[in-house]
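Structure, as C-alpha cells:
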Amino acid sequence: MSKLLGNTGIFLLKAFGLAPFWFMYFLADVSYLLGYYIIGYRKKIILTNLRNSFPEKTKEEIQQISKAFYHHLSDLFFETIKGFQISEQALNQRVHYKNPEVINELYHQGKSVALLSGHYANWEWTMGFPKFIMHQSNAIYRPIQNKQFNEYMKKVRARFGAFLIPASTSLRTMLEFEKSGLLTVTYYLTDQTALYDTKYWMMFMNQETPIFPGPEKVASRFKQAVVFMDIQKVRRGYYEVEFTKLFDDASQTKEFEVTKAHTQFLEDIIRKRPEHWLWSHKRWKHKRPAHIALQ
C-alpha cells in the first residue's frame, strides 16, 4: 500500500508539474478563494501570529496582510509543484541571482560557507543556485518515510547540482569534506522550530522564540563564512536573490553572535514585506523554560 501511495503521488506531481504556468496560477487563484473565504485554512494560527508580531497594527492592517499572505501561499503551493518539472532555462528566467560573486569570492579565499535563509518568498525555487557558484552546494534533508516518494524528492532537488546529505550523517559527511579540502556551501533554513529546551532563545517578531542552533555551531566548528540569502518576490512567478556576507569566519565570533545576526536580518526582511513569510506555521508553540535566559 505504501508503495502504491508513493507512486500515485509521484504520478500526480509529475502530471501537474507539466501544466503551463497560466493554468497553475488559475488553480492558485481558485485555491486562494477556497482557502481564505470558505475553508479558512489555519486562519486562527495565521491571525494570532500576525497580531502577536505586529501589536502596533490595526485590525484592518492585519486582515490586509493575512489576505495577501493567502494569495502568496496559494502561489507558493503550485509553484512548488511546478518546480518538480521546471526546466533549467525556465527556472533561470524566473529566479535572478543578483550577486553570486559574494559566494565565489569566498571560494577564491579558500572558505566554505554557511548559507542562511528562511521560509520566505519561494525558497524551493532556489534549487538552481548550485549552477551559479564554484563551491559544492550541500542541502541537508530529513528522509521522508515513504521510500518511493523520498527517492523522487531527492532526485528532484539534486537535479541542478545540489549534494543532498541526510541530517543523521551531516556532521560526519562535513568532516570528510573538510579533511579532503573540498570547499562547500551548506544551505540552512534558520527559522525551523527548535527544541523547546534549546538555550538559544531570542526575541523574534516581538515574541520569545527558540532558535535553531545548528548553523552557528557547524559554521563555527568548520570556520565557515556566514552569508544570508535574501529571496524577494518581484512579481507573480518571478524572484530575485541577493547575498549578504554576515561574517568571514564564524569561529571568530562570540557565542550567539551569528544566531543574533541572522535572526535579526530575517526579521528586518519580514517586517518590510510580511505577506511573504510562512505565517501558517506554528512557530511559537513552546514557552521558554524559566532556567534558560533570553539572549
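The values are calculated or read from the model by the stated rules, or taken from the named source; none is laboratory data. None of the values given here were measured: they were computed from a predicted structure. Cβ atoms come from the backbone with ideal geometry, glycine included; neighbour counts cover every protein chain shown.
Among the residues of region 204-217, those identified as within 15 Å of Asn49 (Cβ to Cβ) and either surrounded by fewer than 19 Cβ atoms within 10 Å (Cβ to Cβ) or at pLDDT 95 or above (or both) are Phe204, Met205, Asn206, Gln207, Glu208. Pairs linking a residue in region 73-99 that is within 10 Å of Gly128 (Cβ to Cβ) to a residue that is in a strand (DSSP E or B) and of a type outside the set (A, V, I, L, M), with Cβ atoms under 7 Å and 6 or more positions apart or on different chains, are Arg94/Tyr238; Arg94/Tyr239; Val95/Tyr239.
A quick yes/no check of all residues on (1) surrounded by 15 or more Cβ atoms within 10 Å (Cβ to Cβ); (2) of a type outside the set (A, V, I, L, M, F, W, C); (3) within 29 Å of Thr173 (Cα to Cα); (4) touching a strand residue (DSSP E or B) at 6+ places or on another chain (Cβ under 6 Å):
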{"site": "Ala194", "(1), (2), (3), (4)": "yes, no, yes, yes"}
{"site": "Thr198", "(1), (2), (3), (4)": "yes, yes, yes, yes"}
{"site": "Phe247", "(1), (2), (3), (4)": "yes, no, yes, yes"}
{"site": "Glu257", "(1), (2), (3), (4)": "yes, yes, yes, no"}
{"site": "Ala261", "(1), (2), (3), (4)": "yes, no, yes, yes"}
{"site": "His281", "(1), (2), (3), (4)": "yes, yes, no, no"}
{"site": "Lys287", "(1), (2), (3), (4)": "no, yes, no, no"}
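Checking each residue of region 28-41 against the condition of being in contact (Cβ under 8 Å) with a residue 60 or more places away in the chain, assigned to a helix (DSSP H, G or I) and either of a type in the set (Gly, Ala, Ser) or surrounded by 14 or more Cβ atoms within 10 Å (Cβ to Cβ) (or both) gives no match.
To keep it simple, each residue is scored yes or no on (1) under 30 Å from Asn99 (Cβ atoms); (2) hydrophobic (A, V, I, L, M, F, W, C); (3) in contact (Cβ under 8 Å) with a residue 12 or more places away in the chain.
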site	(1), (2), (3)
Asn138	yes, no, yes
Lys147	no, no, yes
Glu151	no, no, no
Arg157	yes, no, yes
Phe163	yes, yes, yes
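So, Leu5, is that one at pLDDT 95 or above and either over 30 Å from Phe204 (Cα atoms) or assigned to a helix (DSSP H, G or I) (or both) or not? It is false that Leu5 is at pLDDT 95 or above and either over 30 Å from Phe204 (Cα atoms) or assigned to a helix (DSSP H, G or I) (or both). Tell me yes or no: at least one residue of region 110-123 is among the aromatic types (Phe, Trp, Tyr), surrounded by 21 or more Cβ atoms within 10 Å (Cβ to Cβ) and within 30 Å of Asp249 (Cβ to Cβ). Scanning region 110-123 turns up at least one residue that is among the aromatic types (Phe, Trp, Tyr), surrounded by 21 or more Cβ atoms within 10 Å (Cβ to Cβ) and within 30 Å of Asp249 (Cβ to Cβ). Inspection of region 127-148 identifies at least one residue that is part of a helix (DSSP H, G or I) and in contact with a Pro (Cβ under 6 Å, 6 or more places away or on another chain). Residues considered: Leu195, Leu182. Of these, the only one that is hydrophobic (A, V, I, L, M, F, W, C) and modelled with pLDDT of 90 or more is Leu182.
Condition check ((1) modelled with pLDDT under 95; (2) closer than 16 Å to Lys233 by Cβ; (3) touching a Ser or Thr at 6+ places or on another chain (Cβ under 8 Å)) across all residues:
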residue	(1), (2), (3)
Lys59	no, no, no
Gln63	no, no, no
Lys82	yes, yes, no
Pro100	no, no, no
Glu105	no, no, no
Gly110	no, no, no
Val113	no, no, yes
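Taking region 197-295 and the strands (runs of 3 or more DSSP E) fully enclosed by it, the elements with 1 or more residues that are without any contact (Cβ under 8 Å) to a residue 40 or more places away in the chain are at 225-235, 238-247.
Return a yes/no flag: does region 228-237 have any residue that is in contact with a Phe, Trp or Tyr (Cβ under 7 Å, 6 or more places away or on another chain), of a type outside the set (Ser, Thr, Tyr), farther than 30 Å from Thr48 by Cα and buried (at least 18 other Cβ atoms within 10 Å of the Cβ). No - not one qualifying residue is present in region 228-237. A count restricted to region 175-188 and to residues that are farther than 20 Å from Glu124 by Cα and in contact with a helix residue (DSSP H, G or I) (Cβ under 7 Å, 6 or more places away or on another chain) stands at 1.
Restricting region 130-159 to residues that are β-branched (Val, Ile, Thr) and crowded, with 16+ Cβ neighbours inside 10 Å leaves a set whose member that is modelled with the lowest pLDDT is Val156.
When you check Ile165 against the structure, is it within 18 Å of the chain's Cα centre (by Cα), in a strand (DSSP E or B) and not acidic (Asp, Glu), yes or no? Considered against the rule, which asks whether it is within 18 Å of the chain's Cα centre (by Cα), in a strand (DSSP E or B) and not acidic (Asp, Glu), Ile165 comes out as yes. One residue stands out in region 65-89 among those that are assigned to a helix (DSSP H, G or I) and β-branched (Val, Ile, Thr): the one that is farthest from Pro20 (Cα to Cα), namely Ile65.
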